[in-house]
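Each remark here refers to the structure printed beneath this line.
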Amino acid sequence: MLSRVASSLYWLSRYVERSDGILRMLKINYASSQDTIQEFTWDPVIRISSGGNEEEMAAIKNDSRSVVEYLLFNRDNPNSIINIITLARENARSVQEHIATDLWQCLNEYYHTVKDPKLLWYVQKDDPITALDILIKQVMLYYGTADSTMERGEIRSFMSIGKYLERSIQSIDILDIKFISISSNPDLLTDTSYWKHLLLSLGGYELYLKTYRGGFEADNIMELVILNKDFPRSAIYSVNNILRYFERLKSDKNLDHYNSLSFNIGRLNSSITYTTVYSMEAEGLHNYLIKLKNELYGIGNLLDKYYFANY
Amino acid sequence: MSGVNLNTYQNVPDTWDEMYISDNNLREQYHKIVEYLKKESASDLNKKEELAKRLFMSQGITFTVYDSGEGIEKIFPFDIIPRVITSSEWGFIEKGIKQRLKALNLFLKDVYSNQFIIKDKVIPAALIYSCPHFLREMYQLNVPHDIYIHIAGIDLIRDYDGTFYVLEDNLRTPSGVSYMLENREITKRLFPDLIPQCKVRSVTEYPSILYKNLQALSPRAVSNPTIVLLSPGMYNSAYYEHTTLARLMGVELVEGRDLVIRDQKVFMKTTTGLQQVDVIYRRVDDDFIDPLVFNPSSVLGVAGLMSAYRKGNVAIINAVGNGVADDKAVYSYVPDMIKYYLNEEPLLKNVPTYSLDDPDQKEYVFQNMNKMVIKKTNESGGYGMLMGHAATEKEMEDYKKEILKDPRNFIAQPTISLSTAPCYMDGVLQPRRVDLRPYALVGPDGISIVPGGLTRVALKEGSLVVNSSQGGGSKDTWVLSS
């Protein structure tokens, strides 16, 4: 496969996954902003998911509709849904003949849906959750279509690596930001709705209730989000999958590159497998998460170098 | 509910209409379509029009117009009423195009080797050597199977009596074939059952014929040669077509930056290292194909590609340098080429063409400018044209000055009143001018022309210009089986 194509597939997949994460987080946070007596703070959400400038965000951070609009439609925010879906589509367009026609159409529809003026109207004048639901449905269609139409080979491997790399970084970011807020405001530790929203925005609320009966504990949340192998948004689940899809790329033609990257991914996979909640706490959760993220970025860089010919 | 009213359709005077012989006197090939339309109400047809637009949009069959950084998606306008060609008309077109392509291909072989046609004074040497698309780099370069023109999109028009004329031979990188394929797919959805009822011949074979031809051109004798389609990239207006063709043939779509030359061989950069490329179907113009030989600032091509080509290590489709054969001034000699190389009478007529390099002809053209279409010899897409019947005095005077600066660069043709075909507009059928571009594929086993083509429509009332860049649209084109 062409290096350029591999790179586009990987980024296409990262962007779609990113949009999924942002949309879900927005939905949960918007809902909780309608269910609070104090002023709802959008600060953590904005910090996780926007790349825009600070002043602009400070001006809108207490107005839920404006935040949703900013994160969905603002062209100056590099991480707005409209911008990442445009990028996802441009990547898909440049590799159109490698992905299933159905998948291309799906992504194309997603793009046109984001641009539909009606969506903006829902956000500004009507019920913003309707707009978010419409978009989330587009992502779900994308994943369903990808699963049932894409060939299982190199293409799928690069797309999956992109997806899980993006997902693990997102979960780590969300966890990190939430725990940082606690260190400055310990009252949150006992605030049930705070934890509930964290879990809901990761889609892990129901699993948490089933796994750990009785109340929210910081330890249990860390365990779920980083170490639970059955939770599809946990860091370990994503790293396992990165390893699994990467191993399928093994070929005699570029064994050196393969071995070198395989070493890094394997090391990360082992280290996370033998991590416990206690060892994370001993190291300091924030430090641990930063280290984990750097490992993941390093894998991205090596892919760039060895597989996408960007040197 | 009453059907669509067909009584308002008015033939344009002195013009061949594809559907009506005269008012209310239908040509036979349109009977079934008209019957069908009579059963549909205007709102049904409006719905079909909407459906067509939606299908084009959702499949991403669009081109992007960049306006202040924001890409605006547009669809190439599509008229839902198919244009019909009878089997006998098609038989004639097919023979005519094959004859023409045979001669043009021999001409290219000749001008790039022995130049008998110049030595025998059939074509003046000055005309050939003054053509900017005559490339000395191609001289004595052996192309596989002596085929220069692998894909041609010859534009045909019909005069008032229905005679077919060749307007242009597009022998470089003709585009639009994906619209031939997509228009048919969409028409299948718009008019269920009508296509089999009318016995319309299928166009779906195009990609497999092209693929077979490309495969046969591989210089390496390997069972599975690497074939790529070289595109300028996603910002090119024909990008949709490039991806469609690559997908339908199952070949790799590459850009210049994906390719690299080593030891006069072409390789593509893959995730598992370099892989040798045997055949390049390129949609990049000659000028941009190799910065070492042609335009040095081009980033669309591959440095060193021409050396690999000359060495015979790669096949390029279409051959480089074909522009000398579809130059608008060389065009007027194509009937002579047919006589010279094939000893045959040309089947398809040329539009009479005046060379502005010739003082007598130039004088005649200047006297009769309001009846002429004047074109630049090396422009395409309907740019730089003067339509005499619609031009003002001042425009004509300005154009004359342009011509006098470089007469070789212009030709003039009498205004041909293109044939009209019915289009569905504002709830009724209206006549609009059309042309026809069938796509011919030339391979080592001969010439095949897929029964169909692209019918382009001048959507503005009274307009004679069908180019998409000048507000033209397209129609599905039906060739009936006998």
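Counting only other chain Cβ atoms within 10 Å of each residue's Cβ, the peptide B:271-281 averages 4.
Cross-link reach is defined here as a Cα-Cα straight distance under 22 Å, omitting same-chain residues fewer than 8 places apart; for A:K293 the lysines meeting it are A:K163, A:K178, A:K229, A:K305.
What order do you get for A:146-155, B:318-327 when each peptide is scored by the mean count of other beta carbon atoms within 10 Å, highest first?
B:318-327, A:146-155
Among the residues of A:248-257, the average count of other protein chain beta-carbon atoms within 10 Å of the residue beta-carbon is 2.
Over the range B:354-414, the pair-distance histogram of Cα-Cα distances with 10 Å bins from zero comes to 25, 63, 12 percent, rounded to whole numbers. Quick one: pull the percentage of alpha-carbon pairs in the range A:153-311 with a separation above 26 Å. Above the 26 Å cut-off, the range A:153-311 has 31 percent of its Cα pairs. Dividing the convex hull volume of the alpha carbon atoms of chain B by its residue count gives 167 Å³ per residue.
The Cα-based radius of gyration and maximum Cα-Cα distance (Dmax) for chain A are 19.6, 62 Å.
What order, most packed first, do the peptides A:224-234, B:412-422, B:450-460, B:123-133 have when packing is the mean number of other Cβ atoms within 10 Å of each residue?
B:450-460, B:412-422, A:224-234, B:123-133
Working from Cα pairs under 8 Å separated by at least six residues, relative contact order for chain A is 22 percent. Under Stokes-Einstein, with the Kirkwood radius over Cα pairs standing in for Rh, what whole-number D in µm²/s applies to the protein assembly as shown at 4 °C and 1.567 mPa s? It comes out at roughly 43 µm²/s. Computed over the range A:20-94, the P(r) tail beyond 17 angstrom holds 42 percent of alpha carbon pairs. Listed by chain and number, the lysines placed with their C-alpha closer than 16 angstrom to that of B:K53 are B:K74, B:K188, B:K475; residues fewer than eight positions away on the same chain are left out.
Taking every residue in B:246-255 and counting other chain Cβ atoms within 10 Å of its Cβ, the average works out to 3. A protection proxy built from the mean count of other Cβ atoms within 10 Å ranks the segments B:138-147, A:183-192, most packed first, as B:138-147, A:183-192.
Is there a pair in B:K32/B:K460; B:K212/B:K375; B:K328/B:K401; A:K118/B:K38; B:K109/B:K375; B:K47/B:K199 whose C-alpha atoms are over 31 Å apart, and which pairs would that be?
B:K212/B:K375; A:K118/B:K38
Values in this text are rule-based calculations from the coordinates and carry no lab data. Note that the coordinates shown come from a computational prediction; the quantities given were computed from them, not determined experimentally. When we count neighbours, we look across all protein chains shown, and the Cβ atoms used for this are built from the backbone with ideal geometry, even at glycine.
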